[in-house]
Amino acid sequence: MLGRFRADLHVHTCLSPCGDLEMSPRKITARVCDRSLDIIAICDHNSAENVPAVMKAAGGGRVVVLPGMEVCTNEEIHVLAIFENLDQAFAMQAMVYDHLPGENDPDAFGLQVVANEHDEVVAMQTRLLIGAVDLPVDRILAEIHRLGGLAIASHIDRGSYSVISQLGFIPETLKFDALELSSRMPDREARERFPSGASFVFVRNSDAHFLGDVGKNTSEYLLHEPTFAEIHKALRKEEGRMVMELS
Amino acid sequence: MTMKLRRVVESLQLSLRCGGDRLDQDITGGYAGDLLSDVIANGQAGNLWVTMQVHANIVAVAVLKDLAGIVIVQGRQPADETLKKASEENIPILVSPLPAFETVGRLYTLLEAGA
């Protein structure tokens, strides 16, 4: 039997330099429970290092935490890479790190805190996570899909770091699994405003960098259970699974 | 201000990657930008477009806006797909070894002097 599940597939943590320090694993988990979310994906900039801590902090609870990251391509397009398991996410991270130049300046960009499930600081990540990977978007999508992940174009309704702001329109060669809207724009309006994206599934996420924003924008999914595999089916509209449209 | 594309290519020492048979067209000015959405909104027909984007979509934007050609800065190499599409559409693709600031500065000075 299928039921409705609410997901926010774009949540940053204190690892993102622009993420608030309050975005710690336990506080995010508590917030997610308050908001009655069923599924979240942790997507920090170019890194998955805080995913294990959030998964552990949420362990035993009812909310499902999916591992992911928000990759910045060399066109400066943000792409969510969401996976079923940590091994896949860390394989993606290895490729990203191999192609991510620069070192973070905390005074300029902010701290990059690697935390554990008790909200203790484990380390400071020194790579320039706010930077761009020196690979084009098609290579990033190919790697996400090779690893079995989902590639979602971030906040296509924004004027920066979106596939549409950077490339003008979505080329047919880019097989995103979904397009993210950071607003509550109805599906019909989104299809009209972004004709090159009209054939894609739209999902809504918060892109939260602050605790108060977690779960502020979400999509509802018709699933058998709250898992990666079911989300995967929903984005492909398989076996009755789907993302509920907003009208 | 108009000028033959050929003169720009020679003066700025741009390397021609495709569209060489269009060097005798006039360019009407320049436009610089890396956000293709912005170029779609503000580029003008006949402009020579200076960018560091190398994705194949730059060709589609040049066709859409009837641009005179594309100058890719900092010696960045256009993707294979970009060159393929540019050949099909006959859009001149030029590569400048200089960064965007210097490339635009020289292009602007040249066009002003030639006007």
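The values are calculated or read from the model by the stated rules, or taken from the named source; none is laboratory data. Only a predicted model underlies this, so the values are computations on that prediction, with no experimental measurement involved. Please note: Cβ atoms are built from the backbone with ideal geometry, for glycine as well, and neighbour counts cover all protein chains shown.
Working only within segment A:1-47, note down all residues that are surrounded by 24 or more Cβ atoms within 10 Å (Cβ to Cβ) and of a type in the set (Gly, Ala, Ser). Within segment A:1-47, A:ALA7, A:SER16, A:GLY19, A:SER24, A:ALA41, A:SER47 meet the criteria. Consider segment A:211-240. How many of its residues are acidic (Asp, Glu) and within 24 Å of A:MET185 (Cα to Cα)? Total satisfying the criteria: 2.
When residues in segment A:163-185 are screened for being within 14 Å of chain B (Cβ to nearest Cβ), assigned to a loop (DSSP other than H, G, I, E, B) and not hydrophobic (A, V, I, L, M, F, W, C), 4 of them pass. Flag set for B:ALA56, criterion: within 14 Å of another protein chain (Cβ to nearest Cβ) and surrounded by fewer than 23 Cβ atoms within 10 Å (Cβ to Cβ). What about B:VAL71, is it outside any helix (DSSP H, G or I) and either of a type in the set (Val, Ile, Thr) or touching a His at 6+ places or on another chain (Cβ under 6 Å) (or both)? Taking the combined requirement at face value, the residue satisfies it.
Taking the listed residues A:ILE77, A:ILE82, A:ILE40, the one that is within 14 Å of chain B (Cβ to nearest Cβ), under 18 Å from the mean Cα position of the chain (by Cα), hydrophobic (A, V, I, L, M, F, W, C) and within 24 Å of A:LEU150 (Cα to Cα) is A:ILE77, with no other qualifying. For segment A:142-162, filtered to residues that are crowded, with 22+ Cβ neighbours inside 10 Å, assigned to a loop (DSSP other than H, G, I, E, B) and in contact with a Ser or Thr (Cβ under 9 Å, 6 or more places away or on another chain), the residue that is farthest from the other protein chains (Cβ to nearest Cβ) is A:SER154. One residue alone among A:ARG188, A:ARG139, A:ARG241, A:ARG204 is basic (Lys, Arg) and within 14 Å of chain B (Cβ to nearest Cβ), and that residue is A:ARG139.
Residues in segment B:28-51 that are of a type in the set (A, V, I, L, M), at pLDDT below 95 and part of a loop (DSSP other than H, G, I, E, B): B:LEU35 alone. Residue-level check: of (1) under 30 Å from A:VAL243 (Cα atoms); (2) buried (at least 16 other Cβ atoms within 10 Å of the Cβ); (3) touching a strand residue (DSSP E or B) at 6+ places or on another chain (Cβ under 7 Å), A:SER165 misses just (3). Reported count of residues in segment A:91-113, each being surrounded by fewer than 18 Cβ atoms within 10 Å (Cβ to Cβ) and within 18 Å of A:LYS27 (Cα to Cα), is 1.
Scanning segment B:13-27 for residues that are more than 12 Å from the chain's Cα centre (by Cα) and either without any contact (Cβ under 8 Å) to a residue 40 or more places away in the chain or part of a loop (DSSP other than H, G, I, E, B) (or both), we see that the one that is nearest to the other protein chains (Cβ to nearest Cβ) is B:GLN25.
For A:GLY131, the conditions (1) more than 14 Å from chain B (Cβ to nearest Cβ); (2) among the small types (Gly, Ala, Ser); (3) farther than 18 Å from A:CYS43 by Cβ; (4) touching a residue at least 24 places away in the same chain (Cβ under 8 Å) all hold with the exception of (3). Which condition breaks for B:ASP34 when tested against (1) out of contact with any Lys or Arg (no Cβ under 6 Å at 6 or more places or on another chain); (2) at negative phi; (3) away from chain A (no Cβ under 14 Å)? Of everything listed in (1) out of contact with any Lys or Arg (no Cβ under 6 Å at 6 or more places or on another chain); (2) at negative phi; (3) away from chain A (no Cβ under 14 Å), B:ASP34 misses just condition (3).
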